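Asks: Would you mind keeping the following structure in view while I ask a few things?
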Amino acid sequence: MEHHVLADFFSWNTRLCSSLDRVLVRDSENASLERFLTEIRPEHRVADVGGGKQPARLKYPDHAWNGVAYEGLDIDDTELRSAPPGIYSRVRVVDITDVPGEMSESYDRIICRNTLEHVRDMDRAIGGLAMMARPNGKIYVKTTCRFALYARLNRILPEVLKRRLLFFLFPHKSGDGFPAFYDRCTVREISDLASKHGLNPSFPVNQSYYSTYFTFLMPVYFVWRFFTGIQYLINKDYSERFELVFEKRD
């Protein structure tokens, strides 16, 4: 009973803080992805990298997916098998830091959401994405910024403690909580690596300053918002998350 009361209390705080945040911070967290999806054509071969059981197609079912070869790539076979049946036209267990040579220039469009923070070597990961893209193909990436307070705490706290806190405060995230490393997870560093691997910016950078992780308790939310305000003023690389879209040079 006590656990349910606390869970309801935290849930009420989250809804209140989230509503307040939408008033304070005008944010369009997935604007680049929504635009990116409108450019997918029936003749395209699309890779959803790291989508696992939560592919982009599931989140955006109204986009024109008919005829699209939509493939799921993930390092974890269990994640792929947990996706809704038939959502992928094909699944492959792939480590994007070590992409097999036969996958070179295989995809017209690549979607990589909330995955890059979990790789140990960002250089090899961006190189793997670039390798899989066809000439003039486009790559969408979204990741957490390493300067976000959540990312800082994630690198400090023990893994078991982090998972227990995450699932207690946000029960709907049960099944998430994979280890994260945030290697070179900033707009500037990923953009530099993309250029190194033959990728040009295609869309404007979209930086997001909203996060649910500190909305479970109003005083914690205000401390977090104060911290983010200072970060915003002194660190141009700061955001909570960001979206980038690149095009592979022909």
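Asks: Please state which one of SER19, SER89 is more than 21 Å from the chain's Cα centre (by Cα), open to solvent by 30 Å² or more (accessible area, probe 1.4 Å) and at pLDDT 95 or above.
Replies: Criteria check complete, one pass: SER89.
Asks: Among LEU16, LEU58, LEU37, which is farther than 25 Å from PHE242 by Cβ and part of a helix (DSSP H, G or I)?
Replies: Step by step, each of LEU16, LEU58, LEU37 is checked, and only LEU16 is farther than 25 Å from PHE242 by Cβ and part of a helix (DSSP H, G or I).
Asks: Quick test of your reading of the structure: MET1 fulfils all but one of (1) at pLDDT below 95; (2) open to solvent by less than 60 Å² (accessible area, probe 1.4 Å); (3) farther than 21 Å from PHE222 by Cα. Name the failing condition by number.
Replies: Among (1) at pLDDT below 95; (2) open to solvent by less than 60 Å² (accessible area, probe 1.4 Å); (3) farther than 21 Å from PHE222 by Cα, the lone unmet condition for MET1 is (2).
Asks: Output the helices (runs of 4 or more DSSP H) that fall wholly within region 141-250 and possess 3 or more residues being crowded, with 19+ Cβ neighbours inside 10 Å and at pLDDT 95 or above, or say none.
Replies: Here the list reads 187-196.
Asks: Also, quick follow-up: Those residues that are charged (D, E, K, R) and open to solvent by 60 Å² or more (accessible area, probe 1.4 Å), I need them from region 40-79; list them, please.
Replies: ARG41, GLU43, ARG57, LYS59, ASP62, ASP77, listed by residue number.
Asks: If you take the residues in region 22-34 that are charged (D, E, K, R) and assigned to a loop (DSSP other than H, G, I, E, B), which one is surrounded by the fewest Cβ atoms within 10 Å (Cβ to Cβ)?
Replies: ARG26
The values are calculated or read from the model by the stated rules, or taken from the named source; none is laboratory data. As the structure is a prediction and not an experimental result, all values here were calculated from the model. Heads up, the Cβs are rebuilt from the backbone with ideal geometry, glycines too, and the neighbour counts pull from every protein chain shown. We work out accessible area using only protein heavy atoms, side chains counted, and drop any ligands, DNA or RNA first. Shrake-Rupley method; radii C 1.70, N 1.55, O 1.52, S 1.80 Å.
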